[in-house]
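Asker: The structure under discussion is supplied below as structure tokens; questions concerning it will follow.
The values are calculated or read from the model by the stated rules, or taken from the named source; none is laboratory data. What you see is a predicted model; the values in this text were computed from it and never measured. Neighbour counts are summed over all protein chains in view; Cβ atoms, including those assigned to glycine, are modelled from backbone coordinates with ideal geometry. All accessible areas refer to the heavy atoms of the entire protein, side chains included, with ligands and DNA or RNA removed. Shrake-Rupley method; radii C 1.70, N 1.55, O 1.52, S 1.80 Å.
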Amino acid sequence: MAELAALAERSDSADLIGELVLPSDSPDAWVIVQETLCGPMECPADLDTMLTKFSETDPEPKVCSFFSDFDQTTSAAFDLAAFMQTGAPLMLEVALQMPELFPSGTTVPIFKMRSSWPGEAGTLGKQSYALTRRQCACLLAHSFFGSLKRPPDVEPNDFRFTVRDLFVGTAVSPNSAVTFLNYFGSLARHGIPEGPDDIVTFERLGFKKGPLPWQWEGNEKPLCKVEIVDGNIDDCAADVHAEFANAFVGGGVMTGDAAMEETLFLVKPELMVAMALQNRMVDEEAVCVSGAQKYSSTSGFGQSFEFAGEYDRSRRPDPPPRVAAIDAVRGGGPAMTERALLRDMNKARAAFEGAVELATGHWGCGAYGNHNDLMFIKQWLAASEAGVRKMYYHDFNRNQSHHIFPLIRKLGHLTVGELWTFLLELSRPLVPCNMKDFSVRVADISTGKFKPGGSGETRGLRRHSHPGAAAGAAETLPLALEETEGKSGTADPAHSSEADGDAGAAQRQREGESEPEEPAVVFSLTELVAGCPDGVDPMKKEGSLSNADFAAAFGMSRCEFSKLPAW
């Protein structure tokens, strides 16, 4: 018992939004709980009676009939009769053990938003709380029965640890419900592990706004190795698994949703306890859970989701991975702004802290609508900065991410700082969210049409399209550009002499001058005369011309132009 008490230690209460109100905290309330849980348990309908009884004190009481109405054909892989013989008795047993598992004076915290922020900017903060597997099972049992109520000082939207909702009310979901029940069935069949390593740790990591604990610009760390793999992330041997989360961890698992996050929480119900301990994540926070076991197998997602039986643990060696929950920006908004890029990269960087190997995939590319290749680059940067040795990228749909493998080959020699610079150069002209042109640019990188230079600067990058390029003609280029445009009508580099350009480059090399690199993003003379494309300084339009167009327009090279006397 002393060991359990030690696990219950927490940080100062000022960092908490509150604490769970355990049924055993009140002697009077516990008497009622005991009387209900010690009632008859002879048939499935008796479980309905218990859930209905606990709902009587709710603002909107509900009647449970899930077990009385259960249709075995709905989920052939789940045996309700067997569960009533083993799983249900264990559920009652661990629920009734609450006073011993959580002795008087034990506080189970609910960490609030920003509670992970350290005292000073520039460092990574962490809040942590640990529970034994039996303690987790106890809390989950009370969440199922409905005897664990929302604390009065916690807003309804902030308390989503309501397993009962899978069985009572409008969100009843038979396949989600039986997947959860299999957790107790599995514990009954194999026993609840009680070893020193059978601890589930819930962490909240974060950093204050201001100077970051790491840097992106000029970061000389190498990019980590990447291996594209098939199969479920759950089965990967990596020590850290990314979890594509809602800002409220667990998402809609209690309302019957069955996307990636919800499915993960159903097959690993110990993760659900995070829904009791953790408030909504802000942009500068991530939630990680270590030690949660997988108990069930499923098939399909959404409407096709089905329980498929007990999980074969030989598919992945122990110990269980750390699950890193990270929510992404919405793809339909300003997803390509520097602020949005950094928001996701910094959140992922915090979550990947301490990882040796990382298993991840198409983060934020489903309902959130983000670009697969862009989200891959963000995670590659975050994992590399965190010192991850290898990133296993689970690619479920090659039609949506067929550029990722060539991106690894073309960009893998860069440093973190160089790739970050390159990403900015690719994305700035496409702000706020021109995903179509970003796809074209990624395709050009993949096929080698252009590439970053040694310093991360882009070579050969051409603007493929620009909405409104014909508008804004009132903005003009410098006089020399206007005169050239007026005389020739075009500045197509095909009309310039490549041989002259090569000779000029050779002459500059003889004189000890280096050939200037192409601008990061190039626009044609016609586009620049017609208006001012996104990301171009209207006072320095000539800086966005290719070297050939610059020479054709000004009659001299950039080097020669730079030596002219200032105005």
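Asker: Would you please calculate the Kirkwood hydrodynamic radius of the range 27-185 over all C-alpha pairs and express it in Å, rounded to one decimal?
Answerer: The Cα-based Kirkwood calculation yields 17.4 Å.
Asker: With a 1.4 Å probe and all protein chains left in place, how much of the accessible area of the range 297-337 comes from carbon and sulfur atoms, in whole percent?
Answerer: On the way: 1050 of 2040 Å².
Its accessible area is 51 percent carbon and sulfur atoms.
Asker: Please give the peptides 375-383, 226-234 ranked by average Cβ packing (other Cβ atoms within 10 Å per residue), highest first, as a rough proxy for protection.
Answerer: Packing order, densest peptide first, comes out as 375-383, 226-234.
Asker: Any idea of Cys433's accessible area? Nearest 10 Å², probe 1.4 Å.
Answerer: In the full protein context, Cys433 sits at about 40 Å².
Asker: What spacing in nm lies between the two simple spin-label points modelled at Asp318 and Lys540, each 7 Å away from Cα in the Cβ direction?
Answerer: Computed distance between label sites Asp318 and Lys540 equals 6.0 nm.
Asker: Okay, next question. Could you tell me which of the pairs Lys221/Lys378; Lys225/Lys449; Lys62/Lys112 are separated by over 18 angstrom between their Cα atoms in the structure shown? Could the numbers behind the result be given before it?
Answerer: Working: Lys221/Lys378 15 Å; Lys225/Lys449 24 Å; Lys62/Lys112 30 Å.
Flagged as over cut-off: Lys225/Lys449; Lys62/Lys112.
Asker: If you don't mind, another one. So what is Rg over Rh here for the range 310-408, counting just Cα atoms and using Kirkwood for Rh? Please list the in-between numbers first.
Answerer: Details: Rg = 14.2 Å, Rh = 14.4 Å.
Taking Rh as the inverse mean 1/r over Cα pairs, Rg/Rh reads 0.98.
Asker: How much length is gained if the chain between Asp283 and Gln215 is pulled fully straight, taking 0.36 nm per residue apart and subtracting their Cα-Cα distance, in nm to one decimal? Working shown, then result.
Answerer: Values: separation 68, 0.36 × 68 = 24.48 nm, distance 1.72 nm.
So the chain would gain 22.8 nm between Asp283 and Gln215.
Asker: Any chance you could run the full-extension gain for Ala367 through Glu100? It's 0.36 nm times the residue separation minus the Cα-Cα distance, nm to one decimal. Write out the running numbers ahead of the final one.
Answerer: Values: separation 267, 0.36 × 267 = 96.12 nm, distance 4.31 nm.
Using 0.36 nm per residue and subtracting the Cα-Cα distance, I get 91.8 nm.
Asker: What share of Cα pairs, in percent, lie more than 12 angstrom apart in the range 16-60?
Answerer: Value for the range 16-60 (Cα pairs over 12 Å): 68 percent.
Asker: How high is the FRET efficiency between Thr86 and Met556 when r is their beta carbon distance and R₀ equals 60 Å, given to the nearest 0.05?
Answerer: So the FRET efficiency works out to roughly 0.10.
Asker: What ranking, highest mean first, results for peptides 48-56, 194-202 when packing means the other Cβ atoms within 10 Å averaged over each residue? Before the final figure, lay out each step's value.
Answerer: Working: 48-56: 19.3, 194-202: 14.2.
Sorting 48-56, 194-202 by mean packing, highest first, produces 48-56, 194-202.
Asker: A further question on this structure: Multiplying the sequence separation of Ala45 and Ser439 by 0.36 nm and subtracting their Cα-Cα distance, what value in nm do you get?
Answerer: Extra length available between Ala45 and Ser439 comes to 136.3 nm.
Asker: Ranked highest first by the average count of other Cβ atoms within 10 Å around their residues, in what order do 138-149, 116-127 fall?
Answerer: Going by the mean number of other Cβ atoms within 10 Å, highest first, we get 138-149, 116-127.
Asker: Take the solvent-accessible surface of the protein heavy atoms, probe 1.4 Å, and return the percent of it on the range 85-138 that carbon and sulfur atoms account for.
Answerer: 48 percent
Asker: What part of the accessible area of the range 229-292, given as a whole %, is carbon or sulfur when the probe is 1.4 angstrom?
Answerer: 47 percent
Asker: Quick one: go through the range 241-258 and flag any residue whose amide nitrogen is under 15 Å from the point 7 Å out along the Cα-to-Cβ line of Asp58.
Answerer: 254-256
Asker: Over the range 154-249, give the accessible area per residue in Å² for a 1.4 Å probe, as an integer.
Answerer: 41 Å²
Asker: Something else about it: Enter the accessible area per residue of the range 321-362 (Å², integer; probe 1.4 Å; all protein chains in place).
Answerer: On a per-residue basis, the range 321-362 sits at 27 Å².
Asker: Still on this structure, I have one more. Checking the cross-link filter: which lysines have an alpha carbon closer than 22 Å to that of Lys540, excluding same-chain neighbours under 8 positions apart?
Answerer: Qualifying lysines at Cα under 22 Å: Lys487, Lys563.
Asker: Find the accessible area per residue for the range 27-145; the probe is 1.4 Å, ligands and nucleic acids are left out, and the unit is Å².
Answerer: Spelled out: the 1.4 Å probe surface of the range 27-145, per residue, equals 45 Å².
Asker: Please figure out what share of the DSSP beta bridges in the range 199-334 is antiparallel and state it in percent, rounded to the nearest 5.
Answerer: About 75 percent, rounded to the nearest 5.
Asker: Another question, if that's okay. At 7 Å along Cα-to-Cβ for each site, give me the label-to-label distance between Phe405 and Thr74 in nm.
Answerer: Between Phe405 and Thr74, the label points sit 4.3 nm apart.
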